[in-house]
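A.B. asks: First the structure, then my questions, so here it is.
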Amino acid sequence: MELHATTPDPEFLESNNVIFNYDLKSKKWSVLTKCPAPRHDSRMIATNRALYVIGGCNPLDHKSSEKLIPLKECYKYLFENKEWKLMAPLNHARTCHAAVIFKDMILAIGGKGESDRLLSSIERYDALHNSWEEFPTSLPGPRMAMGATAGENNIWVAGGIIKTKRLCVVVDSVWCYDHDYKCWLKRCKLPQPLAFCTLLTDKKQIICLGGVTRAQVGEDYSLESVNSVYTMEDSKEGSWTEDVPMPLGCHNVVAINIDGNIYVFGGFRTQTMEQMINTVYFDKKNNAWKPLCELPKRAAGFVVAVSGN
């Protein structure tokens, strides 16, 4: 099992698109390749054959407003040939979106598009024709910064940010796409509103890690990273229960589940306003979180993917 990480931090101009590789067996980092362009808040997913970088923003490219511009650009790195290929562009520029592999399809879900417009559209990648096409069933409503994961027959989307008039609101709603019925079904709400949370599937269980929630600080409100871990059975009657919390509050992490052990990499912490360097894993046997390793400092970012190589 390998993890691939690239940093979006423009502070390190000489290496901000280097992709590092971490081997869980040897517990060692190595340089894999260099992304054709730096990316921030894109989504990177991997199969056993290739690494995909989907959408996002270029941290070095912004207009006078200093807002990062969502992009349509996508790249694919072939492990066997060790080469990058420019993929067909997305139909909609998007950032802060989700990406999953479902029924052997790569899906780009929701996010924020051009002119700060939130998206409900879902696109699937047709590898045979190198094209993106609209997934027949959109999200129930536009949203960004949500957690998403795919199981054998379902896609789960939890939390995120929606817009009501001119306000951005962190939500607790959970939706499940049923492949048999070809529709989204409402499921039990999260215990608290969360954005930038991370979802995992573990057999018939859904796991929600971290995220940010709206917290009161004096007379003001701000977004605060949480260390909460919630689990729910993958069923119509399932409800969320609180599990062993992570050592620190963090959000926008990547996580993988291997034989019940959960490995957490990357992410951001609002309490220190810094990217996470130290990684942790949940030891199922001892029912406790333990330290794992330290990310390469120039790779402590939000763009991470896992492959089974």
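Readers should treat all values here as calculations from the given coordinates under stated rules, not as data from a laboratory. What you are looking at is a predicted structure, and each value in this text was computed from that prediction instead of being measured. Because the Cβ atoms are built from the backbone with ideal geometry, glycine has one as well, and the counts that use them run over all protein chains shown.
A.B. asks: As I understand it, the dipole of the chain uses +1 on the Cβ of Lys and Arg and -1 on the Cβ of Asp and Glu, about the Cα centre. Which of PHE196, SER120, ALA255 lies farthest toward its positive end?
C.D. replies: The Cα lying farthest towards the positive end belongs to SER120.
A.B. asks: Something else now. For the chain, give the magnitude of the charge dipole about the Cα centre (Cβ charges: +1 Lys/Arg, -1 Asp/Glu; no others), in debye to the nearest 20.
C.D. replies: The dipole of the chain has a size of about 200 debye.
A.B. asks: Could you tell me the ratio Rg/Rh of the chain? Both radii from Cα atoms, Rh via Kirkwood.
C.D. replies: 0.93
A.B. asks: Which chymotrypsin sites (Phe, Trp or Tyr not before Pro) in segment 117-178 sit in a loop by DSSP (not H, G, I, E or B) and have at most 14 other Cβ atoms within 10 Å of their own Cβ?
C.D. replies: Within segment 117-178, no chymotrypsin sites (Phe, Trp or Tyr not before Pro) qualify (loop, at most 14 other Cβ atoms within 10 Å).
A.B. asks: Mind putting a number on the dipole of segment 14-159 about its Cα centre? Charges go on the C-beta only, +1 for Lys and Arg and -1 for Asp and Glu, and I need it in Debye to the nearest 20.
C.D. replies: 340
A.B. asks: Each label point is 7 Å from the Cα along the Cα-to-Cβ direction; what then is the distance between the points at LEU128 and ARG49, in nm?
C.D. replies: In this crude spin-label approximation the distance works out to 1.3 nm.
A.B. asks: Taking a ≥ b ≥ c as the square roots of the Cα gyration tensor eigenvalues, with a/c under 1.5 meaning rounded and otherwise prolate when a/b beats b/c, else oblate, which class fits segment 81-125?
C.D. replies: Cα axes put segment 81-125 in the oblate bin.
A.B. asks: Could you tell me which of rounded, prolate or oblate describes segment 90-175, using a ≥ b ≥ c as the square roots of the eigenvalues of the alpha-carbon gyration tensor, with rounded for a/c under 1.5 and, failing that, prolate when a/b is larger than b/c and oblate otherwise?
C.D. replies: oblate
A.B. asks: Grab every C-alpha pair in segment 37-167, bin the distances at 5 angstrom width from 0 up to the longest one, and report whole percents.
C.D. replies: 2, 10, 21, 24, 20, 13, 7, 2, 1, 0
A.B. asks: Pull out the extension gain between THR231 and ILE69, defined as 0.36 nm times the separation in residues minus the alpha carbon to alpha carbon distance; nm, one decimal.
C.D. replies: Extending this stretch completely gives an extra 54.8 nm.
A.B. asks: Semi-axes, largest first, in whole Å: what does sqrt of 5 times each Cα gyration tensor eigenvalue give for segment 192-238?
C.D. replies: 27, 10, 7
A.B. asks: Based on the alpha-carbon gyration tensor of segment 121-219 and its eigenvalue square roots a ≥ b ≥ c, which shape applies: rounded if a/c is under 1.5, prolate if not and a/b is larger than b/c, or oblate?
C.D. replies: Prolate, because a/c is 1.5 or more and a/b exceeds b/c.
A.B. asks: List the pairs from LYS204/LYS290; LYS103/LYS204; LYS112/LYS186; LYS28/LYS85; LYS28/LYS204 whose alpha-carbon separation is above 20 Å, in the order I gave them.
C.D. replies: Beyond 20 Å between Cα atoms: LYS204/LYS290; LYS112/LYS186; LYS28/LYS85; LYS28/LYS204.
A.B. asks: Applying the Karplus parametrisation 6.51 cos²θ - 1.76 cosθ + 1.60 with θ = phi - 60° to the phi angles of segment 185-192, what ³J(HN,Hα) value in whole Hz is obtained for each residue in order, glycine and proline being reported as x?
C.D. replies: Those phi angles translate into 10, 6, 10, 4, 5, 5, x, 8 Hz.
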